[in-house]
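Here is the structure we will look at, set down as structure tokens.
Here, each number is a calculation from the coordinates, and none is a lab measurement. It should be emphasised that the depicted structure is a prediction, and the values quoted were computed from it without experimental measurement. Here the Cβ is made from the backbone with ideal geometry for all residues, glycine too, and neighbour counts use every protein chain on show.
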Amino acid sequence: MKTLKDKAIVITGAGGVIAGEVTEALAEAGARPILVDRDRVRIEGLAASFGSIAIQEDLMSADSARRAADAAVERMGRVDGLVHLIGAIVPGRLDEVEEDAFDAAFDSNVRTLFHAVRAFLPHLRRQEEGWIASIGAAQAFYGVSPGASLFAAAKGAAATMLRSLDAELEGTGVGVSIITPLAPVDTGAARRALRAETGAWISPAAVARAFRAAARSGHGGRLLEVPVHPPR
């Protein structure tokens, strides 16, 4: 995008720690965030602090995603961007996880992305320029993740979907970005899920800055794949 000033950007999974930092980073650049989360209580205070709106939807169904898109356009008048941050961390060896871990990994990381893109893309196409972004994972980036096979598979599927979408959008004003932390992001949920992880952690603020840089990159060049490395 040439500028983020007054751009209406939807942030899904907006009640999370990373989403809070992304919201702040985009708002500082002049964007108008639209916060979507299944738990309205988690986002009402954040929305109020930015003078924005809160929409309660979980995006697990096409109807839920359409309701979110309709509410965003009705209340903001337009949608210029979509930042999709829904996605559960599902650890465990493939031969040890429970069967329902498959649904947990793919529903949260792939299904919600599918529904969100399909619901919001028609609105993004109406603007001179639009932007779709999501968060990747090191497990998918490197293509192997012993101890988190389902999570890696789900994030890999989501990333491939977005790369393919980017190719499908050639010739339009809509860009795509995948921001991929190459180490765990330092959130409470990640700390609990990845108790055995050691080494450096990436701050949520660093990830948020990468999203903001990608959003601004569409004029004269664009950032499709953005790896975020851990601190030394």
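Once phi is turned into ³J(HN,Hα) by the Karplus curve 6.51 cos²θ - 1.76 cosθ + 1.60 with θ = phi - 60°, what whole-Hz value does each residue of the range 99-110 show in order, with x for glycine and proline?
Rounded to whole hertz, the list is 4, 6, 5, 4, 5, 4, 6, 7, 5, 6, 8, 10.
In which sequence would Ile43, Ile132 go, from the one with the fewest C-beta neighbours within 10 Å to the one with the most?
Ile132, Ile43
Report, in degrees rounded to the nearest 10, the 0 to 90 angle that the Cα long axis of helix 112-125 makes with the longest principal axis of the chain.
The angle comes out at about 20 degrees.
Just how far, in whole angstrom, is the range 1-56 from the range 60-132 if you go by their alpha carbon centroids?
Distance between centres, Cα-based: 15 Å.
Evaluated at 10 °C with a viscosity of 1.306 mPa s, what Stokes-Einstein diffusion coefficient in µm²/s does the range 72-227 have when Rh comes from the Kirkwood expression over alpha-carbon pairs?
97
Could you list which residues have their amide H under 5 Å from that of Leu59, counting only those 5 or more apart in sequence or on another chain, with H placed in the peptide plane?
For Leu59, whose amide H was placed from the backbone, the distant partners under 5 Å are Ala65.
Can you check what the net charge comes to around Met161, using other residues whose Cβ is under 13 Å from the Cβ of Met161 (Lys, Arg +1; Asp, Glu -1)?
Net of charged neighbours comes to +2.
Compute the acute angle (0 to 90°) between the alpha-carbon long axis of helix 149-168 and the principal axis of greatest extent of the alpha-carbon atoms of the chain; round to the nearest 10°.
Here the helix axis deviates by roughly 30 degrees.
Which value in deg cm²/dmol, rounded to the nearest 500, describes the helix-derived mean residue ellipticity at 222 nm for the chain, given -39,500 (n - 2.57) per DSSP H run of n ≥ 4 and division by the residue count?
-13500 deg cm²/dmol
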